[in-house]
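First comes the structure, then the notes that go with it.
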Amino acid sequence: QGQLVETGGPLLQPGGSLRLSCAADGSIFSGNSLAWYRQAPGKEREFVAGMYGNAMVKYADSVKGRFTISRDNARNTMYLQMNTLKPEDTAVYYCKTTYWGHDYWGQGTQVTVSS
């Protein structure tokens, strides 16, 4: 069995920073595909950042240069560092791992950026 538990989704002002965490069971965290998605109210879920294989990293154009995806294998945790937050970053953020062809999703954390 696998589980992803996300933390770190408070209310923030524009320009602020936040690190989202996603703790996973080791068996599913050992997969080579990690990603973050987000979904704003009334909108479709969209890709934010991904880490694939040993070194391939991909970011959505809307967050490139502001967000950073990373992982800590010792803690079985993946992170999304979000800097220079904008109101348009407001969404529910989901982490995802892919292990043996199956996608495992976090429960989602609300991030609200507003003045």
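The values are calculated or read from the model by the stated rules, or taken from the named source; none is laboratory data. Everything numeric in this text was worked out from a predicted model, so none of it was measured. Neighbour counts run over all protein chains shown; Cβ positions are idealised from the backbone, glycine included. Remember, those area values only see protein heavy atoms, side chains included, never the ligands or the DNA or RNA. Shrake-Rupley method; radii C 1.70, N 1.55, O 1.52, S 1.80 Å.
Data overview
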item: All positions within the range 68-85 that are open to solvent by 50 Å² or more (accessible area, probe 1.4 Å), among the hydroxyl-bearing types (Ser, Thr, Tyr) and within 12 Å of Trp36 (Cα to Cα); result: Thr68
item: Search result, residues across the range 16-56 that are assigned to a loop (DSSP other than H, G, I, E, B) and at pLDDT 95 or above; result: Ala40, Lys43, Glu44, Arg45
item: All positions within the range 68-95 that are at pLDDT below 95 and among the basic types (Lys, Arg); result: Arg71, Arg75
item: Hits in the range 5-30 (condition: of a type in the set (Gly, Ala, Ser), surrounded by fewer than 18 Cβ atoms within 10 Å (Cβ to Cβ) and touching a residue at least 60 places away in the same chain (Cβ under 8 Å)); result: Gly8, Gly9, Gly15, Gly16, Ser17, Ser27, Ser30
item: Any hit, the range 36-56, residues being under 15 Å from Thr7 (Cβ atoms) and open to solvent by less than 60 Å² (accessible area, probe 1.4 Å); result: yes
item: Tally, over the range 88-110, of residues that are within 11 Å of the chain's Cα centre (by Cα) and open to solvent by less than 80 Å² (accessible area, probe 1.4 Å); result: 9
item: All positions within the range 66-77 that are of a type in the set (Lys, Arg) and either outside any helix (DSSP H, G or I) or over 13 Å from Cys22 (Cβ atoms) (or both); result: Arg66, Arg71
item: Residue count for the range 83-114, restricted to those that are under 12 Å from Ala40 (Cα atoms) and among the aromatic types (Phe, Trp, Tyr); result: 2
item: Residue tally, condition in contact with a Phe, Trp or Tyr (Cβ under 8 Å, 6 or more places away or on another chain), in a strand (DSSP E or B) and not aromatic (Phe, Trp, Tyr), over the range 78-102; result: 8
